[in-house]
Amino acid sequence: MIGFRIALINESFEVTAEATHVIFSMVKTENREEINLDICGSNYFMEEYLNWGSWKLEKGDEIRISVVDVKNITEPKIKEIETTSEEQLKEELATYLSLKQELENAKLL
């Protein structure tokens with residue numbers, strides 16, 4: 001599966017998911033100035049959320065990001081799986097049936 005090999009600050013890892021986010025952010029205020037790197041992802045089908053970490057970057061830090069065929073995904077620091085409750089499924093079904101009825105009443109279905 002295609003993904004990223006990321007090398008920074010004495011560590012290297014490979015990340016991939018259905019959606020992978022490599023986010024650089026810069027915060028500038030009167031009192032502070034910082035640059036951060038966050039790497040996270042999600043697998044929608046499994047309702048899985050992954051977080052490989054967050055780093056505060058300093059002047060001189062070097063980062064190398066390569067697009068690669070990932071063989072071994074580095075284990076994320078945080079891995080959460082969201083489960084769908086029976087109540088949530090009932091609510092979604094009720095919404096679907098209500099919208100279906102609206103379309104039928106409008107003779108669009």
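Quick look at the values:
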| read-out | value |
| --- | --- |
| The range 67-108: trypsin sites (Lys or Arg not before Pro) falling in loop per DSSP and having at most 15 other Cβ within 10 Å | 71, 77, 107 |
| Sequence-distant lysines (8 or more away, or on other chains) whose Cα lies within less than 29 Å of residue 90 | 79, 100, 107 |
| Alpha-carbon centroid distance for the pair the range 82-109 / the range 1-70, whole angstrom | 37 |
| Top positive-direction residue, dipole computed over the range 2-83 with Cβ charges, set 72, 9, 49 | 9 |
| The chain: angle of helix 86-105 to the longest principal axis, Cα-based, in degrees nearest 10 | 60 |
| Potential lengthening between residue 107 and residue 86 on full extension [0.36 nm per residue; Cα-Cα distance subtracted] | 4.4 nm |
| Charge sum, other residues only, whose C-beta stays under 12 Å from residue 42's C-beta, Lys/Arg counted +1 and Asp/Glu -1 | -4 |
| Charge sum, other residues only, whose C-beta stays under 13 Å from residue 55's C-beta, Lys/Arg counted +1 and Asp/Glu -1 | -4 |
| Debye, to nearest 20: dipole size of the chain, +1 on Lys, Arg Cβ, -1 on Asp, Glu Cβ | 340 |
| Additional length obtainable on full extension of the chain from residue 97 to residue 75, 0.36 nm per residue less Cα span | 3.8 nm |
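The numbers here are math on the coordinates, done by the rules we state, and not lab data. Nothing here was measured: the structure is a model prediction, and the numbers come from that model. Here the Cβ is made from the backbone with ideal geometry for all residues, glycine too, and neighbour counts use every protein chain on show.
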